[in-house]
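Notes follow the structure.
The values are calculated or read from the model by the stated rules, or taken from the named source; none is laboratory data. No experiment lies behind these values; they were computed from the predicted model shown. Cβ sites come from the backbone with ideal geometry, for glycine too, and all protein chains shown count toward neighbours.
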Amino acid sequence: MSNTLYYTPRSGTGNDSLLPLQHCIHPPFQCSLSPMSVYRRALRYFRPFLRETVLGTALMLAGIALGLLKPWPLAIMVNEILTPGNARKVTPILSHWFGPMTPPAMILLLCASIVVINFLANLLNMVTNLIFVRVGLQSLLKLRTDLYSYLQALPLKYHDARRSTDSSFRVAYDSQAIQSIYSKGSFIFSSMVTLVSTLIVMWQIDVAVTLVALAIMPLVVLAIYVFAKRIRTQSTTIQERESDVLAVAQEGLSSIRMVHAFGREDYEVAQFRTRATHSLEANMRFTGTQMKSSVIIGTLMALGTAAVYYLGSIHVLNNHLLVGSLWALSTYLVALYQPLEALTYTTWALEGAAAGAQRCFEVLDQQDDVKDAPGAKSIAGTRGELAFEHVDFGYEPSRLILQDVDLEVGSGQTVAFVGGTGAGKSTLLSLAPRFYDPNKGRVLLDGQDLRTITKKSLRQHISIVLQDTLLFSTTIRENIAYGKPEATEEEIVEAAKRAQAHDFILRMPEGYSAQVGERGGHLSVGQRQRLGIARAFLKNAPILLLDEPTSALDPTTEAAIMETIKELMHGRTTLIITHRIATVHDMGKIVVLSHGRVVEVGAGPELVARGGAYAELYHSANLG
Ligand SMILES: Nc1ncnc2c1ncn2[C@@H]1O[C@H](COP(=O)(O)OP(=O)(O)OP(=O)(O)O)[C@@H](O)[C@H]1O
Ligand SMILES: [Mg+2]
């Protein structure tokens with residue numbers, strides 16, 4: 001079975017979907033920000049759209065005002081035309097404006113006004129919605145882009161500790177919370193205005209009835225408060241469980257070869273089922289809470305409605321209230337309770353959105369602990385002199401992987417690192433491009449602390465070839481040019497020729513335009529390796545890092561690739577890690593690492609003569 005299936009390049013731009021599952025589980029998300037501070041922070045994303053928001057709000061208020069007019073044409077008809085004995089207040093005004101009218105003509109006019117009022121109210125509603133949706137989507141675009149670019153910039157330490165699917169979930173789904181917060185927020189505002197203005201109008205019609213309608217509201221608000229709290233935690237749980245489902249499916253499918261090879265399909269399905277069941281349970285609990293609250297709140301509202309109808313009818317019997325006005329009151333009651341009910345649901349949605357937004361802000365709050373020092377300079381070129389000065393390093397502060405590493409690599413020199421597995425070789429190499437910073441000591445380039453050089457310019461001067469070349473699912477051409485997107489076709493072909501990749505590329509039906517498949521699945525390990533080397537030729541950086549570039553290959557291919565690698569090393573400062581002693585025995589300086597310490601340094605034959613750790617490795621490799 002191919003080695004590439006379970007190799008995880010720790011120091012490279014590794015895709016963590018290759019990690020076994022237990023590495024991928026991170027502690028559950030902790031709610032660290034209060035909802036208010038989440039909303040306040042979300043507001044920053046809406047600030048650029050202040051003008052649109054003000055316009056939308058003005059149109060919304062006009063729409064609400066029109067909405068309040070809706071019951072009146074019918075109420076006037078009933079009070080002043082259909083019930084002849086009543087005092088007339090509005091019809092004389094209409095006659096004054098439109099001239100004397102017969103009752104049927106007056107009714108026709110009032111009916112026409114219903115159409116006009118509704119049409120205008122709907123039109124305003126539509127425009128308001130369009131404005132609000134557009135602003136919501138644009139703030140989503142901004143948050144997503146911020147998140148993704150921040151994730152791209154965060155150091156490997158952050159990504160090592162998390163599943164990439166969790167980060168993708170935050171970028172793709174949690175970010176949508178910002179749009180929800182905006183649309184729900186504006187909806188809550190409009191509901192509040194509707195509520196208050198409806199109350200004022202009702203108050204004008206009948207104070208006692210309005211008070212009865214009001215009496216029920218504190219109970220409803222209390223219910224909202226109680227349920228909103230529960231909804232908030234439950235919806236966070238759902239998001240976490242969904243993210244788990246996605247992660248398990250993605251990991252199981254991306255390692256499908258290994259699953260088949262070990263016959264673990266049932267196990268993978270069982271894992272998936274467990275996570276999916278957890279998500280189902282969380283969803284059911286959430287739905288249960290929703291249902292319970294809608295029963296309780298619905299009943300409270302029915303209670304209020306019944307009380308209003310009772311008292312209103314008594315007032316009509318006592319001639320304190322006109323029938324048409326009672327009808328208007330009952331319409332307003334719907335307009336009063338509907339926003340209340342909508343407020344409940346929207347408060348829930350808003351609570352859920354706050355949880356999502358919080359997961360986004362949590363990413364944006366991560367410290368970049370491999371930052372460029374203030375005043376860091378970009379370098380235009382380098383002699384390629386690397387030095388490690390008493391370097392201590394550990395992925396966790398409590399466990400040092402490298403201890404007191406003190407090394408110098410001269411310009412154009414080749415240094416080979418050998419040592420047992422887990423000795424810290426890859427870790428040491430990953431300090432050169434500043435994937436991590438040492439806990440103690442310094443790494444220097446041309447005598448300058450790496451921290452005083454911008455990461456971007458530093459990395460422009462370093463090429464990396466790993467044991468497993470990571471390819472993107474695009475064409476061969478683009479993969480070779482990954483480190484130099486502006487490369488010309490000639491340069492790409494030249495690099496491929498020097499890496500001895502040109503011939504096999506031409507044998508493919510589409511040549512340089514051939515797709516390599518997901519993670520290079522359409523190519524053999526040796527072919528991928530040659531593309532990795534071609535990349536390095538094209539990038540033409542003065543410093544070269546090689547992490548076991550040939551150990552996945554058979555001896556014949558290894559010998560061929562080693563030839564191209566030697567050509568690549570020519571004139572560059574090279575740090576190479578390998579288990580194959582034979583390939584590096586005659587290559588300048590050899591550094592033997594053991595448990596994170598440098599135990600021997602020197603030329604191969606010299607170290608063999610010394611009879612120490614290197615000699616042991618040399619003899620156990622049957623080299624003499
Ligand atoms: N991203 C990481 N997070 C935490 N610990 C890590 C990480 N990468 C490596 N380690 C630990 O650091 C130690 C050194 O690992 P490293 O990969 O540098 O060894 P190595 O010498 O390259 O070994 P090999 O020859 O097997 O590639 C190991 O104990 C490993 O478990
Ligand atoms: Mg290694």
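For the subset of the range 371-401 comprising residues that are of a type in the set (A, V, I, L, M, F, W, C) and out of contact with any helix residue (DSSP H, G or I) (no Cβ under 6 Å at 6 or more places or on another chain), which member is nearest to residue 549 (Cα to Cα)?
Just the residues of the range 371-401 that are of a type in the set (A, V, I, L, M, F, W, C), to begin with: 373, 376, 379-380, 386-388, 391, 393, 400-401.
Those still in the list that are out of contact with any helix residue (DSSP H, G or I) (no Cβ under 6 Å at 6 or more places or on another chain) too: 380, 386-388, 391, 393, 400.
Details: 380: 28, 386: 21, 387: 23, 388: 23, 391: 25, 393: 24, 400: 26 Å.
Within the range 371-401, the match that is nearest to residue 549 (Cα to Cα) is 386.
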* Asked: Going by the structure shown, is residue 389 under 20 Å from residue 589 (Cα atoms), more than 14 Å from ligand 2 (Cβ to nearest atom) and surrounded by 17 or more Cβ atoms within 10 Å (Cβ to Cβ)?
  -> no
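Which residues, taken from the range 347-365, are among the aliphatic types (A, V, I, L, M) and either under 26 Å from residue 158 (Cβ atoms) or not assigned by TED's automatic domain parsing to the domain that holds residue 155 (or both)? Please lay out each step first, then the result.
Applying the first criterion (among the aliphatic types (A, V, I, L, M)) to the range 347-365 yields 349-350, 353-355, 357, 363-364.
Hits for the range 347-365 are 353, 354, 355, 357, 363, 364.
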* Asked: Among the listed residues 610, 572, which satisfies the condition of being more than 16 Å from ligand 2 (Cβ to nearest atom), under 44 Å from the mean Cα position of the chain (by Cα) and either farther than 19 Å from residue 501 by Cα or polar (S, T, N, Q) (or both)?
  -> 572
* Structure fact -> Scanning the range 188-228 residue by residue, the ones that are part of a helix (DSSP H, G or I), closer than 23 Å to residue 295 by Cβ and not hydroxyl-bearing (Ser, Thr, Tyr) total 17
* Of the residues that sit in the range 392-403 and are surrounded by fewer than 15 Cβ atoms within 10 Å (Cβ to Cβ) and more than 9 Å from ligand 1 (Cβ to nearest atom), which one is modelled with the lowest pLDDT? -> 397
* Asked: Condition test on residue 470, is it under 27 Å from the mean Cα position of the chain (by Cα) and either part of a strand (DSSP E or B) or surrounded by fewer than 22 Cβ atoms within 10 Å (Cβ to Cβ) (or both)?
  -> yes
* Go through the residues of the range 606-615 one by one and say whether even a single one is buried (at least 20 other Cβ atoms within 10 Å of the Cβ) and within 16 Å of ligand 1 (Cβ to nearest atom). => yes
* Restricting the search to the range 52-111, which residues are of a type outside the set (A, V, I, L, M), under 15 Å from residue 324 (Cα atoms) and over 60 Å from the mean Cα position of the chain (by Cα)? -> 80, 83, 84, 85, 86, 88, 89, 91
* Report yes if some residue within the range 472-479 is over 30 Å from residue 395 (Cα atoms) and of a type in the set (D, E, K, R); otherwise report no. => yes
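With the condition kept exactly as written, say whether any residue in the range 498-506 is in a helix (DSSP H, G or I), over 28 Å from residue 402 (Cα atoms) and either within 16 Å of ligand 2 (Cβ to nearest atom) or touching a residue at least 40 places away in the same chain (Cβ under 8 Å) (or both). Don't jump to the end; show me each part of the working.
Going residue by residue through the range 498-506, those that are in a helix (DSSP H, G or I) are 498, 502-506.
Filter once more, so that each one left must be over 28 Å from residue 402 (Cα atoms): 498, 502-506.
Still in the list and also either within 16 Å of ligand 2 (Cβ to nearest atom) or touching a residue at least 40 places away in the same chain (Cβ under 8 Å) (or both): 498.
Scanning the range 498-506, I find at least one residue that is in a helix (DSSP H, G or I), over 28 Å from residue 402 (Cα atoms) and either within 16 Å of ligand 2 (Cβ to nearest atom) or touching a residue at least 40 places away in the same chain (Cβ under 8 Å) (or both), so the answer is yes.
Could you say whether any residue in the range 479-486 is closer than 23 Å to residue 254 by Cβ and within 16 Å of ligand 1 (Cβ to nearest atom)? I'd like the intermediate steps shown before the answer.
To start, the set of residues in the range 479-486 that are closer than 23 Å to residue 254 by Cβ comprises 479, 482.
Narrowing further to those that are within 16 Å of ligand 1 (Cβ to nearest atom): none.
Among the residues of the range 479-486, not one is closer than 23 Å to residue 254 by Cβ and within 16 Å of ligand 1 (Cβ to nearest atom), which makes the answer no.
In this structure, does residue 602 turn out to be away from ligand 2 (no atom under 16 Å from the Cβ) and in a strand (DSSP E or B)? Working first, answer last.
On the way: away from ligand 2 (no atom under 16 Å from the Cβ): yes; in a strand (DSSP E or B): yes.
Here the answer is yes, as residue 602 does meet what is asked.
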* State whether one or more residues within the range 418-425 are more than 14 Å from ligand 2 (Cβ to nearest atom) and either of a type in the set (Ser, Thr, Tyr) or over 23 Å from residue 599 (Cα atoms) (or both). => no
* Could you grab me the full set of residues in the range 196-253 that are in contact (Cβ under 8 Å) with a residue 40 or more places away in the chain and of a type in the set (Gly, Ala, Ser)? => 197, 208, 213, 215, 223, 228, 235, 243, 247
* Given the structure, is residue 451 of a type in the set (D, E, K, R), in contact with a helix residue (DSSP H, G or I) (Cβ under 8 Å, 6 or more places away or on another chain) and either away from ligand 2 (no atom under 14 Å from the Cβ) or in a helix (DSSP H, G or I) (or both)? -> no
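If we scan the range 124-146, do we find a residue that is out of contact with any Asp or Glu (no Cβ under 8 Å at 6 or more places or on another chain) and within 16 Å of ligand 1 (Cβ to nearest atom)?
No, every residue in the range 124-146 fails to be out of contact with any Asp or Glu (no Cβ under 8 Å at 6 or more places or on another chain) and within 16 Å of ligand 1 (Cβ to nearest atom).
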